[in-house]
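Heads up, the thing below is written out as structure tokens.
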Amino acid sequence: MKVYEELKERGLIAQTTDEDKIRSLLNERKIKFYIGFDPTANSLHIGHFAQMIVMAHLQKFGHTPIVLFGGGTAMVGDPSGKTGMRKMLTKEQIDYNIFCFEKQMSKFISFDDDKAIMINNASWLWHLNYIDFLRKIGIHFPVNRMLAAECYKQRLETGLSFFEINYMIMQSYDFLVLSDKYNCQLELGGNDQWSNILAGIDLIRKKRQKEVYGMTFNLLTTNEGKKMGKTENGALWLDPNKTSPFDFYQYWRNIKDDDVSKCLKMLTFLSLDEINRLSKLQGNQINEAKEILAFEVTKLVHGKNEAKKVAELAKTIFINDTVSSDISGNIPTNILYKSYFKNGKIFISDLLVFSNITNSKSEARRLIEQGGISFRKDNTYVKIDSINYEIDISLFINDSLIIKKGKKTFIKVRLK
């Protein structure tokens, strides 16, 4: 199967500016394409991972990815999908975030022997002369058309600053620079980037009388249309210090049955024949497909050894409904300060909130009333039946206590 058909069969392609031309470029030639990553955090998340999977598929078929870090555009912040202006970052924060991105990105894309290009748009955006830029580039952006774009239109009621309006112009200029410097012919991005991609294509047509193309891929959503990758603690990060490999594995192990096939297609390199086989499993057999999905995605992000370790841990928990002392070290650990104890005791609701197991006392109350909180004592689990239950500090063995939340989540609370 050729690469365009492969991407389409996996449900990755959302929109194209010229499907026939893009299919021809990707199936019959070797081209350079780019995706931009604004370093707004110190780790990539699962949404970025889906984009890197697309890049890896194209690289596998001989195309050259250009990974563009937005050291310049991140100083403004993309208003797409946001109800308010993004937090402004310092140059030092952005540089550190790019450093973190670079290390993570190299796990998924090969940069050896010029197989891919890594570049920072700060190298050209930081040195622009404002008046010259307006005269040469800004003149090609009618404000009425910009405000009609979906990325801006949804912000008009809540407030859109002139500062943010510049983002589309800057991203369009990125495509122009990459077209000039590397003969980049295709910009890729999430479906929320469609307006920005179209603007870049239009700019190159006006400035260079040259045809370039754009393609967006589907965002990772559930069958109900909700964005995937959100956990109780926020985004599903690729950094093991922000989302533990165990939590990462468990996220995919516990997704809904209806989402398994889509995730196997979009997030793994398993053959489509194997995915079709797994997609036909029903009832309890669907757990085989979930375990394979969780293992494959965790292997790509955290390595094969770590994936094996957390898979075995998860299997032990599911089978025995307990956690032995020799594997408890692999369970996610939350910190609880001893200063929260009074006379050596702490209310269970306070423990859950102060150790970040729950976000609020109301959530803690709901879980307790539903029988969803237990703690480990003498190799068994004691179910909490009251919001006023007090945990004695003596229950912490070697300053640690394992809390069971719901049916499948185990957290080690460590005293500090």
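The values are calculated or read from the model by the stated rules, or taken from the named source; none is laboratory data. Small disclaimer: the values here were computed from a predicted structure and weren't measured. Positions of Cβ are generated from backbone atoms using ideal geometry, with glycine treated the same way; all protein chains shown enter the neighbour counts.
Could you list all residues from the range 397-416 that are surrounded by fewer than 16 Cβ atoms within 10 Å (Cβ to Cβ) and on the phi < 0 side of the Ramachandran plot?
Answer for the range 397-416, where residues must be surrounded by fewer than 16 Cβ atoms within 10 Å (Cβ to Cβ) and on the phi < 0 side of the Ramachandran plot: ILE397, LYS407, LYS408, ARG414, LYS416.
Could you look through the range 173-203, keep only residues that are modelled with pLDDT of 95 or more and hydroxyl-bearing (Ser, Thr, Tyr), and pick out the one that is farthest from THR216 (Cα to Cα)?
TYR182
Picking from SER386, SER394, which residue would you name as being of a type in the set (Gly, Ala, Ser), part of a loop (DSSP other than H, G, I, E, B), more than 36 Å from the chain's Cα centre (by Cα) and surrounded by fewer than 14 Cβ atoms within 10 Å (Cβ to Cβ)?
Of SER386, SER394, the one residue that is of a type in the set (Gly, Ala, Ser), part of a loop (DSSP other than H, G, I, E, B), more than 36 Å from the chain's Cα centre (by Cα) and surrounded by fewer than 14 Cβ atoms within 10 Å (Cβ to Cβ) is SER386.
Anything in the range 310-331 that is surrounded by fewer than 18 Cβ atoms within 10 Å (Cβ to Cβ) and either farther than 16 Å from ASP399 by Cβ or modelled with pLDDT of 90 or more (or both)? List them, or say none.
GLU312, LYS315, THR316, PHE318, ILE319, ASN320, ASP321, THR322, SER324, ASP326, ILE327
For the range 387-416, which positions are among the polar types (S, T, N, Q) and either in contact with a Pro (Cβ under 7 Å, 6 or more places away or on another chain) or free of Cβ contacts under 8 Å to residues at least 24 places away in the same chain (or both)?
Residue satisfying the conditions is ASN398 alone.
Output the residues belonging to the range 9-48 that are closer than 30 Å to ALA235 by Cβ, assigned to a helix (DSSP H, G or I) and at pLDDT 95 or above.
Correct list: GLU9 only.
Tell me yes or no: at least one residue of the range 68-76 is at pLDDT 95 or above and either assigned by TED's automatic domain parsing to the domain that holds ASP180 or in a helix (DSSP H, G or I) (or both).
For the range 68-76, residues at pLDDT 95 or above and either assigned by TED's automatic domain parsing to the domain that holds ASP180 or in a helix (DSSP H, G or I) (or both): present.
Please go through (1) touching a residue at least 60 places away in the same chain (Cβ under 8 Å); (2) assigned to a loop (DSSP other than H, G, I, E, B); (3) surrounded by fewer than 19 Cβ atoms within 10 Å (Cβ to Cβ) for CYS100 and return the number of the only condition it doesn't satisfy.
(2)
Here's a check for you: in the range 239-297, which residue that is of a type in the set (Lys, Arg) and assigned to a helix (DSSP H, G or I) is surrounded by the fewest Cβ atoms within 10 Å (Cβ to Cβ)? Give the derivation first.
Here is the first cut: in the range 239-297, the residues of a type in the set (Lys, Arg) are 242, 253, 256, 262, 265, 277, 280, 290.
In the following step, the residues that additionally are assigned to a helix (DSSP H, G or I) were identified as 253, 262, 265, 277, 290.
Details: ARG253: 22, LYS262: 20, LYS265: 17, ARG277: 12, LYS290: 21.
Filtering the range 239-297 for residues that are of a type in the set (Lys, Arg) and assigned to a helix (DSSP H, G or I), the one surrounded by the fewest Cβ atoms within 10 Å (Cβ to Cβ) comes out as ARG277.
In the range 214-232, which residues are surrounded by 16 or more Cβ atoms within 10 Å (Cβ to Cβ) and either in a loop (DSSP other than H, G, I, E, B) or modelled with pLDDT under 90 (or both)?
Result: ASN218, LEU219, LEU220, MET228, GLY229.
Matching residues to (1) free of Cβ contacts under 8 Å to residues at least 40 places away in the same chain; (2) not aromatic (Phe, Trp, Tyr):
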| site | (1), (2) |
| --- | --- |
| VAL143 | yes, yes |
| LEU147 | yes, yes |
| TYR152 | no, no |
| PHE162 | yes, no |
| MET168 | yes, yes |
| TYR173 | no, no |
| TYR182 | no, no |
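Could you check the range 17-58 and list, in sequence order, the residues that are polar (S, T, N, Q), surrounded by fewer than 18 Cβ atoms within 10 Å (Cβ to Cβ) and touching a residue at least 24 places away in the same chain (Cβ under 8 Å)?
ASN27, THR40, ASN42
Looking at the range 222-238, can you tell me whether even one residue there is hydroxyl-bearing (Ser, Thr, Tyr), more than 30 Å from LYS404 (Cα to Cα) and under 23 Å from the mean Cα position of the chain (by Cα)?
No, the range 222-238 contains no residue that is hydroxyl-bearing (Ser, Thr, Tyr), more than 30 Å from LYS404 (Cα to Cα) and under 23 Å from the mean Cα position of the chain (by Cα).
So for the range 355-362 (the condition being more than 24 Å from VAL310 (Cα to Cα), more than 28 Å from the chain's Cα centre (by Cα) and outside any helix (DSSP H, G or I)), does at least one residue qualify?
Among the residues of the range 355-362, not one is more than 24 Å from VAL310 (Cα to Cα), more than 28 Å from the chain's Cα centre (by Cα) and outside any helix (DSSP H, G or I), which makes the answer no.
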